[in-house]
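Read through the structure below, which is laid out as structure tokens, and then see the notes.
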Amino acid sequence: MSKLTYFIISLVLLTACNGNPGKTDTQPGSVNYETYHNDRYDYTVEYPDFLIPQGEADSGDGQKFISEDQKIQLIVYYEFKDDPTKDGEPPSVEKAYAEDLAFITGVLSKKLEDNHYIIKYKVDNMLHTDYTVFNDRYFTIRFEYPEEENDRMEGVIEHIINSFKLEVLDYNANAQNGNASSGEPEDLFPAFIEGFLNDCYWGKNFSSLLKNNDKTLATYIDSKMDVRRYHAPGTVTKLATRAENFGFTEYDDYDLKPMHDGEIILEYINDGGSPEDLIYTNSNVVYYVAIEKVPELLVNMETFETKPVKTAYPNAKLMAVYLPDRYLNPRGFYFINTPNGWKLAFVDDSFGGA
């Protein structure tokens, strides 16, 4: 065989192996899409078939989609945004855009339009693209993917953003009709609270975990809302934030660890009784109950006027949990059903102190 013939055969084989060099299976045109519809807020969006739906969030606000190798994620969800200067109304798009930018580092590009904005940024070797749209309420489509997938994802991101459709929906009316969420998240709550107590309460000092920003406890806390603590240093109950060290003092208990003896009993409160009415003679009993709101704060000692405590998710369901501390006194935990599932919102150490 001549050298020329060998060269031609080699060239043909190389071309056959490479296929069409102008198109690969990572091109956006080779991606098929499925449609996701959110019943609670009545919006639809398409997602690529290489992402696997992870199931509706407990709160019914959205869903996560993850690639088989866990490297690419898409999250679509309703996002609560509150403007304190507007008595609970959502902020303007310009203000929301500025607030989001203030918390993001490594910004690569950004764009603000009349009713939406998009921010692309880098964290370590991962790229993030956040698309937020406003139509009476805020919705966010968030992408996370490795830097080497940037070319592939550009077309996918554009397609998904363009596919987002939102119906006009009166959320409050739906909530009154009992259609505010899909399923009953209370049914899943006992299993959730058992995991929380095993991870963060039994055999551990919760105050110490909270004060020291324990990593395990952090998984039960919503990053946008954080957690606050009711405490009663005198005759009036106060509410303290992380920046205020949750109202802890050097005299608080950071050592004693609640224990239980045998099987834990989860008991739902049907009569609406207050935690002060609960007499603990058994350290294994944990009470829980659905509540409309968390305890209000006293603002006037003479008139006993109170003010409500706002949360980041004003329409979300709330559950209160009361359980014994090391001395069999009640301690309270208030959980809120966020787009990412149940999260700890408040700790109540004020019982018997005010």
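The values are calculated or read from the model by the stated rules, or taken from the named source; none is laboratory data. Predicted, not measured: the structure shown is a model, and the values here were computed from it. Because the Cβ atoms are built from the backbone with ideal geometry, glycine has one as well, and the counts that use them run over all protein chains shown. The protein model used for the area step is the full one, side chains on, heavy atoms only, and it has no ligands, DNA or RNA in it. Shrake-Rupley method; radii C 1.70, N 1.55, O 1.52, S 1.80 Å.
Evaluation of Val31 against the conditions (1) aliphatic (A, V, I, L, M); (2) modelled with pLDDT of 85 or more; (3) farther than 20 Å from Ser163 by Cα shows that the sole unmet condition is (3).
Restricting attention to region 211-250 and to residues that are β-branched (Val, Ile, Thr) and either assigned to a loop (DSSP other than H, G, I, E, B) or closer than 13 Å to Phe346 by Cα (or both), the residue that is least open to solvent (accessible area, probe 1.4 Å) turns out to be Val227. Going through (1) open to solvent by 10 Å² or more (accessible area, probe 1.4 Å); (2) modelled with pLDDT of 90 or more; (3) not in a loop (DSSP other than H, G, I, E, B) one by one, Lys293 falls short only on (3).
Has region 137-144 got any residue that is open to solvent by 20 Å² or more (accessible area, probe 1.4 Å), modelled with pLDDT of 95 or more and within 20 Å of Val93 (Cβ to Cβ)? Yes, region 137-144 contains a residue that is open to solvent by 20 Å² or more (accessible area, probe 1.4 Å), modelled with pLDDT of 95 or more and within 20 Å of Val93 (Cβ to Cβ).
Can you tell me which of Ser109, Ser163 is of a type in the set (Gly, Ala, Ser) and surrounded by 12 or more Cβ atoms within 10 Å (Cβ to Cβ)?
One residue alone meets the criteria, Ser163.
Looking only at region 128-136, decide whether some residue is open to solvent by 40 Å² or more (accessible area, probe 1.4 Å), closer than 18 Å to Phe164 by Cα and modelled with pLDDT of 95 or more. Give the steps one after another, and end with the answer.
So in region 128-136, the residues open to solvent by 40 Å² or more (accessible area, probe 1.4 Å) come out as 134-136.
Then keep just the ones that are closer than 18 Å to Phe164 by Cα; that gives 134-136.
With modelled with pLDDT of 95 or more added as a condition, the list becomes none.
No, region 128-136 contains no residue that is open to solvent by 40 Å² or more (accessible area, probe 1.4 Å), closer than 18 Å to Phe164 by Cα and modelled with pLDDT of 95 or more.
Note on region 305-326: residues that are touching a residue at least 60 places away in the same chain (Cβ under 8 Å) and either open to solvent by less than 30 Å² (accessible area, probe 1.4 Å) or out of contact with any strand residue (DSSP E or B) (no Cβ under 7 Å at 6 or more places or on another chain) (or both) amount to 13.
Counted as qualifying within region 37-118 are the strands (runs of 3 or more DSSP E) with 3 or more residues that are within 23 Å of Asn135 (Cα to Cα), namely 43-48, 62-67, 73-79, 107-112.
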